1. Of everything in segment 154-179 that's in contact with a Phe, Trp or Tyr (Cβ under 8 Å, 6 or more places away or on another chain) and among the hydroxyl-bearing types (Ser, Thr, Tyr), which residue is surrounded by the fewest Cβ atoms within 10 Å (Cβ to Cβ)?
2. Show the residue pairs meeting these rules: Cβ distance below 8 Å; 6+ apart or different chains; first residue within segment 140-154 and more than 11 Å from Arg288 (Cα to Cα); second residue hydroxyl-bearing (Ser, Thr, Tyr).
3. Exactly one condition in (1) under 15 Å from Ala64 (Cα atoms); (2) assigned to a helix (DSSP H, G or I) is false for Ala74; which is it?
4. Of the numbered conditions (1) farther than 21 Å from Leu205 by Cβ; (2) part of a helix (DSSP H, G or I), Leu253 fails exactly one; give the number of that condition.
5. Suppose we keep only residues that are in contact with a Lys or Arg (Cβ under 6 Å, 6 or more places away or on another chain) and crowded, with 20+ Cβ neighbours inside 10 Å within segment 115-146. Which one would you say is farthest from Arg166 (Cα to Cα)?
6. Could you list, in sequence order, the residues of segment 235-260 that are closer than 11 Å to Ile209 by Cα and of a type in the set (S, T, N, Q)?
7. Would you check if Lys246 is open to solvent by 70 Å² or more (accessible area, probe 1.4 Å) and not acidic (Asp, Glu)?
8. Looking for whichever is open to solvent by less than 70 Å² (accessible area, probe 1.4 Å), part of a helix (DSSP H, G or I), modelled with pLDDT of 95 or more and farther than 24 Å from Lys246 by Cα here; the options are Ala194, Ala210, Ala203, Ala224. Which one fits?
Amino acid sequence: MVKTRGFASLAIAALALQGSPVAAQDYSVFIADVIGQTIANMNSYAPPCGYMPDNELAEARDPAPGVMQGYFDAARNGGDRARFFKLDNKTTWRLGEREIGSDGLNAQADPLAVEGNRLDPLALRFYRAGNYSTAQGQWAVLAPDGTVAGVYTGLFTRERGEWKLRELTVVPAGSEVGAIDQYCAEPGDLTDAAVTGGEQRIAWLEKQIADKEEDRQRDEARIATTEEKLAKRDSRSLRERLAREKRTLANRLESLETLRSALGTARDALDEAQKTRAELLALRGDARNALAFRIAEKDAEPANGRSE
């Protein structure tokens, strides 16, 4: 988030200039433009998701293990697993490169739902979308010896108030799987958008700073020229011009301070986003190691909707 101190200073400067009609015309528009453009551009790259209240997360998280256990039992015993899905054109059951829609759900052999295996009811990770529309969770399926036989990644949505699977991805041990993370509308969008948006934000700020530096140099050159003229011939018009030019430079320096502060904040945010993405990529690997995905309760971050 952009630090507000610079914006406040710019706003105060703009108000102070309103005492002079000429100054107000010359500078308040300039200050308002700097503030408005900076806020607009920074907000355009800001992640659209914020704090996830515990009760909103729980609304999706609490019924999810029951849905998964119902599916697992039905798949293992030859029951109707389709009833645990919301059946529409988005319904997907996925195993490797094979994707099945709603019509073929009950005909698929699930390599994890076999005699002796059991579904770990404690999710490895669970998140609700920042727009509240869906939720996503990961569960380990354990073999009789306690090792991980594979991983389920389920995407949930509501149907008449009841949470059901929209997508289910089945990954047996020996195949690669990645950990899920908080998202806004579709899985993966927040992690990638935070990095991409951070890079765009920094590029925009660096361009603004470079442009304002060129303006500052021109301001200083104008002041030097006016001071030279004033040294040779004292006049009221030259003194007024010099005062205006110095106010313009002061405002320019204030806007530069604001932009540099925002740039520092943006670089810190990008570092965090890159770190988060790197941590997720480091976890990606053989599904038999998926217990490493689990986030301990003490490490959970309510602002991200994380749960154990």
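The values are calculated or read from the model by the stated rules, or taken from the named source; none is laboratory data. None of these values were measured; they are calculated from a predicted model. Quick reminder, even Gly has a Cβ in these numbers, built from the backbone with ideal geometry, and neighbours come from all protein chains shown. Quick note on the areas: whole protein, heavy atoms, side chains included, nothing else; ligands and nucleic acids left out. Shrake-Rupley method; radii C 1.70, N 1.55, O 1.52, S 1.80 Å.
1. Thr169
2. Tyr152/Thr169; Thr153/Thr169; Gly154/Thr169
3. (1)
4. Here Leu253 meets the rest and fails (1).
5. Just the residues of segment 115-146 that are in contact with a Lys or Arg (Cβ under 6 Å, 6 or more places away or on another chain), to begin with: 124, 126, 135, 138, 142.
So of that shortlist, the ones also crowded, with 20+ Cβ neighbours inside 10 Å come out as 124, 126, 135, 138.
Numbers: Leu124: 19, Phe126: 15, Ala135: 10, Gln138: 14 Å.
Only one residue tops the list, namely Leu124.
6. Ser255, Thr258
7. yes
8. Of Ala194, Ala210, Ala203, Ala224, the one residue that is open to solvent by less than 70 Å² (accessible area, probe 1.4 Å), part of a helix (DSSP H, G or I), modelled with pLDDT of 95 or more and farther than 24 Å from Lys246 by Cα is Ala203.
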